[in-house]
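Note sheet for the following structure.
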Amino acid sequence: TMSGNQSLCTKFTFVAFSSLAELQPVLFVVFLLVYLFTVGGNLVIISLISVTPSLHTPMYFFLVNLSFLEMCYITSVVPQMLVHLLMENKTISVGGCAAQMYIFAILGLTECCLLAAMAYDRFVAICYPLRYTLLMSPRVCLILAAVSWTTGVVGYLSSLLSPQMSGSEPTMSGNQSLCTKFTFVAFSSLAELQPVLFVVFLLVYLFTVGGNLVIISLISVTPSLHTPMYFFLVNLSFLEMCYITSVVPQMLVHLLVENKTISVGSCIAQMYIFAILGLTECCLLAAMAYDRFVAICYPLRYTLLMSPRVCLILAAASWATGVVVESAQITWIFSLPFCGTGKIQHFFCDIMPVVKLACVDTSHNEIVMFVLSILFIMTPCLLILCSYLRILVTILSIPSAAGRRKAFSTCSSHI
C-alpha cells in the first residue's frame, strides 16, 4: 500500500561518500590504484600459469579460476564507484542495481565454493599423496570447478525470481481474500469413476514402489552389481519411489473423500518435494547416459573415468542441482499472493496451475520459469541424446553381431 505522496522508485542514489566531498579525489586515486593493482596482479597470475607447463596442476587450475573470479568480482563494483567519486549525480537505475547485485552475489558464492575446492585439493595432496593424481584428476578438477560456478549461478535465483519483477501489485476486488487453502478440481466431473480410478492408481503405485524396492534390494545384496551403472540405478529407483509417493497417496485419499482441499503449507511441501525430485531425476539420467557413454566409447579407461569418487560427485551434483534450483523457484512462487476461490485445475500442486492463482501479473515470471525449464531440463535431455548418438555410432562400428548385442545390452537398464 502507498499513500498519495509516494511513488515507486525507478532509480537509487548512493550517499556513502556524501559527507566526504573534499576527500573524494583522494579516494578516487587510492581505489583506482588498488583496482589496477588487483586486476594487473591477477592477470599476471593467469598469464604465468597459462604459459608455464609445470604449473598445470590442480592447485594452479583452481588458482586461475579464483584469479579470474576476483577480477570479475572487483570489476562489478569498483569502476562504477570510481565514476561516482568524480560526479555529483551518484544514481543508478533499478536495472543497473539488479545487474550489479546479481554479478557480485553470484561471484561471491562461487568464490566460497572454489575456496572449499582448493582446501579439498590441499587436503588430498597432504593426506593422500600417493593417490593424489587419481583423486584429483583433470576430470575431477573440472567437475569441482563446474559445481562451484553452477552453485554460484543458481544459488541466487531466488532473488532473480522476485514477485516484484512483474511490475504489478496485488489486485483484489472487494469480495476476494488471500487463500489459506487450495481445492483440487481435476476429478470433479468424474464422480462415478473415482472408485475405479482409486483401484487403478493404487495398483500402479504399489507396483511401482514394490518394483523399485526389489531393484534396490537385489543390487544391495549382489556384490557383482556394485558398479557405477547400478549405483546410479539405485539412486534412480529411490528417487522414483519418493517422487511417486509425494503425489499419489494424497490423490488416492482425495478420490475417496468429497473435501479435496490442501493447506498452503502442505501444498508448498508437496511442490518442493516433487519439483526437486523431478529435476534431480533429469540430472541423474544424464549422469547414467554419461556412464554408458564412457563404458562403450572408452572401455579401457572406464574404471578410471568412472571411479567411485566420480560417481559420488555426479550423484551429489545431481541432487544439489535439484535442491538449489527448485528451492529457489518454489520459494519465489509462494512469495506471491494468492486470492480468489483457490481452485487448482489439477490433482496435485503442480507449478503452473498454482502460479495461475496469483493476484499479480505473472507473465514475466512465467517467461523466466520457461527459460529455467529449458536450461535445467532440456540440457540434461540434450546430453542424454548426444551420449546415445555417440554410443550408437560406436556400437555400429563393432564388426561382430555378438559384440553389438553385448554393447546394446549394457544400456538396457538406462533405457
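The values are calculated or read from the model by the stated rules, or taken from the named source; none is laboratory data. Fair warning: this is a prediction, and the values are worked out from it, not measured in the lab. Positions of Cβ are backbone-derived with ideal geometry, glycine not excepted, and every protein chain shown enters the neighbour counts.
Name the residues in region 274-303 that are within 19 Å of L382 (Cα to Cα) and among the basic types (K, R), would you?
R292
Those residues that are assigned to a helix (DSSP H, G or I) and buried (at least 17 other Cβ atoms within 10 Å of the Cβ), I need them from region 47-59; list them, please.
I49, P58
Answer yes or no as to whether G95 is in a helix (DSSP H, G or I) and at pLDDT below 80.
Working: in a helix (DSSP H, G or I): yes; at pLDDT below 80: yes.
Spelling it out, G95 is indeed in a helix (DSSP H, G or I) and at pLDDT below 80.
Is region 305-316 home to any residue that is assigned to a loop (DSSP other than H, G, I, E, B) and either at pLDDT below 85 or over 16 Å from the mean Cα position of the chain (by Cα) (or both)?
Yes.
Could you say whether any residue in region 126-142 is out of contact with any Leu (no Cβ under 6 Å at 6 or more places or on another chain), closer than 29 Å to F37 by Cβ and either modelled with pLDDT of 90 or more or surrounded by 18 or more Cβ atoms within 10 Å (Cβ to Cβ) (or both)?
Yes: one or more hits.
In region 255-265, which residue that is outside any loop (DSSP other than H, G, I, E, B) and touching a residue at least 24 places away in the same chain (Cβ under 8 Å) is surrounded by the fewest Cβ atoms within 10 Å (Cβ to Cβ)?
Checking each candidate, the answer is L256.
Of a type in the set (F, W, Y) and either at pLDDT 80 or above or over 23 Å from N365 (Cβ atoms) (or both) - does that describe any residue in region 152-175?
Of region 152-175, the ones of a type in the set (F, W, Y) are 156.
Still in the list and also either at pLDDT 80 or above or over 23 Å from N365 (Cβ atoms) (or both): none.
Checking region 152-175: not a single residue is of a type in the set (F, W, Y) and either at pLDDT 80 or above or over 23 Å from N365 (Cβ atoms) (or both).
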